[in-house]
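The values are calculated or read from the model by the stated rules, or taken from the named source; none is laboratory data. From a predicted model like this one, the values you see are computed outputs, not experimental measurements. Counting neighbours? That spans all protein chains shown, and the Cβs are built from the backbone with ideal geometry, glycine included. Protein only, heavy atoms only, side chains kept; ligands, DNA and RNA dropped before computing areas. Shrake-Rupley method; radii C 1.70, N 1.55, O 1.52, S 1.80 Å.
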Amino acid sequence: MDQEVRQLSHLQFGPPQEVVQLERKTLTQELQETEIFLKILASPVNSADLITITGKYAITPLLPCVPGNECVARVEKIGSAVRDLAVGDLVVPFRSGLGTWRSHGIFSASDWFRIPPSMDTVAAATLTVNPPTAYRMLRDFVALKPGDTVLQNGANSAVGQLVAQLCRKWGINCVGVVRARPDIDALKTKLKAGGATEIYTEEEFAKTEVFTDSLPAPKLALNCVGGESAENLLNDLAHGGYFVTYGCISRRDITIPSSVFIYRDIKCCGFWRTNWTRENHGNPERVRMLEEIVAMYQAGDLTAPDAEMIPIENFQTALGGVQGKKCIITYE
């Protein structure tokens, strides 16, 4: 096989825009019987990818390496023993750390999950990180039922918007908190249209009596900010509720009074999708979850994030980010 491959890679850890480089290589290895040859169509740039490149993430890859954990790809060739995939299938990664910021690659067939050919490119490319994070946090801590309430900060994040969409689908109230900004009214309108029951700025939430008889106190609070924002969520969590932290974008620690545990029986937990995926790699529930998420996208219950499609040659733009949009690397 002779195939030119364009890929991003880095030889050392550091600021992504300084250490990542574009390479052109020729792929010459032969396809083994359990492998597939893929043409990668689109690869998102996630915050975890960027932190990994700096060397400060919980997982440190061996260098040199190709970054990227998500993509959507098309099967171009299959090995003689591959039975579950066919040439022309669209697939997404079923395992982290495959190095998806490349135009082509040879991979083990078992590391990929087939999706419908009609699925939107952005939804497909971003299928395996944020949607499972939102899904699992809503499913795994509290047995939520229609009419219950979920509270979250970072409500305009990709995960936050998916949480609201899933809550709408399942009949759950979703109250979100965001940072103040000049276009706050437009943002509130957008997030409510996407499934949020109410949206408050951090300042509004701190001084507003949000939960009443018509809007019950939340059984579940989801924190991706940390600091004072997280502590404000704790103040409104129902007795016996769960406080789940899955990020800390403020880089500020949380101070939790002993009374939260003693008198209110609050359970404080963490969630990291990578751990859940690793622990459930062979679990049929993982396949069922992805199939359900795909079905919700196709039914219009979930919508893909606003995205900027950026050719790999302009990778510096993708690494630097585009305000309000998911950056997705393309290879055409």
Among the listed residues 236, 213, which satisfies the condition of being open to solvent by 60 Å² or more (accessible area, probe 1.4 Å) and more than 19 Å from residue 58 (Cα to Cα)?
213
Assess whether residue 87 counts as being part of a helix (DSSP H, G or I), more than 30 Å from residue 229 (Cα to Cα), at pLDDT 95 or above and touching a strand residue (DSSP E or B) at 6+ places or on another chain (Cβ under 8 Å).
no
Can you report the number of residues in region 189-247 which are under 30 Å from residue 300 (Cβ atoms) and in contact with a Phe, Trp or Tyr (Cβ under 6 Å, 6 or more places away or on another chain)?
6
Among (1) within 18 Å of residue 167 (Cβ to Cβ); (2) modelled with pLDDT under 95; (3) buried (at least 17 other Cβ atoms within 10 Å of the Cβ); (4) not β-branched (Val, Ile, Thr), which single condition is residue 242 missing?
(2)
Among residues belonging to region 245-285 that are open to solvent by 80 Å² or more (accessible area, probe 1.4 Å) and among the aliphatic types (A, V, I, L, M), point out the one that is modelled with the highest pLDDT.
262
Can you tell me which residue among 276, 272 is closer than 30 Å to residue 101 by Cα and in contact with a helix residue (DSSP H, G or I) (Cβ under 6 Å, 6 or more places away or on another chain)?
276
Go through region 1-30 residue by residue and tally those that are modelled with pLDDT of 95 or more and not in a strand (DSSP E or B).
9
Candidate set from region 58-109 (those that are within 18 Å of the chain's Cα centre (by Cα) and of a type in the set (D, E, K, R)); member that is farthest from residue 248 (Cα to Cα):
95
Sole exception among (1) touching a residue at least 12 places away in the same chain (Cβ under 8 Å); (2) closer than 24 Å to residue 121 by Cα; (3) open to solvent by 70 Å² or more (accessible area, probe 1.4 Å); (4) of a type outside the set (A, V, I, L, M, F, W, C) for residue 97, by number:
(3)
Out of contact with any Gly (no Cβ under 8 Å at 6 or more places or on another chain), within 30 Å of residue 270 (Cα to Cα) and surrounded by fewer than 19 Cβ atoms within 10 Å (Cβ to Cβ): which single residue out of 118, 80, 110 fits that description?
110
Take residues that are over 17 Å from residue 174 (Cβ atoms) and in contact (Cβ under 8 Å) with a residue 24 or more places away in the chain and tell me which of the strands (runs of 3 or more DSSP E) falling wholly in region 199-304 contain 1 or more.
242-245, 267-270
For the structure I just gave you, tell me whether residue 48 is touching a strand residue (DSSP E or B) at 6+ places or on another chain (Cβ under 6 Å), open to solvent by less than 60 Å² (accessible area, probe 1.4 Å) and closer than 25 Å to residue 113 by Cα.
no
Mind listing whichever residues of region 305-323 are crowded, with 18+ Cβ neighbours inside 10 Å, aliphatic (A, V, I, L, M) and in contact (Cβ under 8 Å) with a residue 60 or more places away in the chain?
307, 312, 318, 319
Using beta carbons and a limit of 7 Å, which pairs, at least six apart or on different chains, have the first residue in region 22-42 and farther than 18 Å from residue 9 by Cα and among the acidic types (Asp, Glu) and the second one assigned to a loop (DSSP other than H, G, I, E, B) and open to solvent by less than 50 Å² (accessible area, probe 1.4 Å)?
30/1; 33/79; 33/81; 35/79
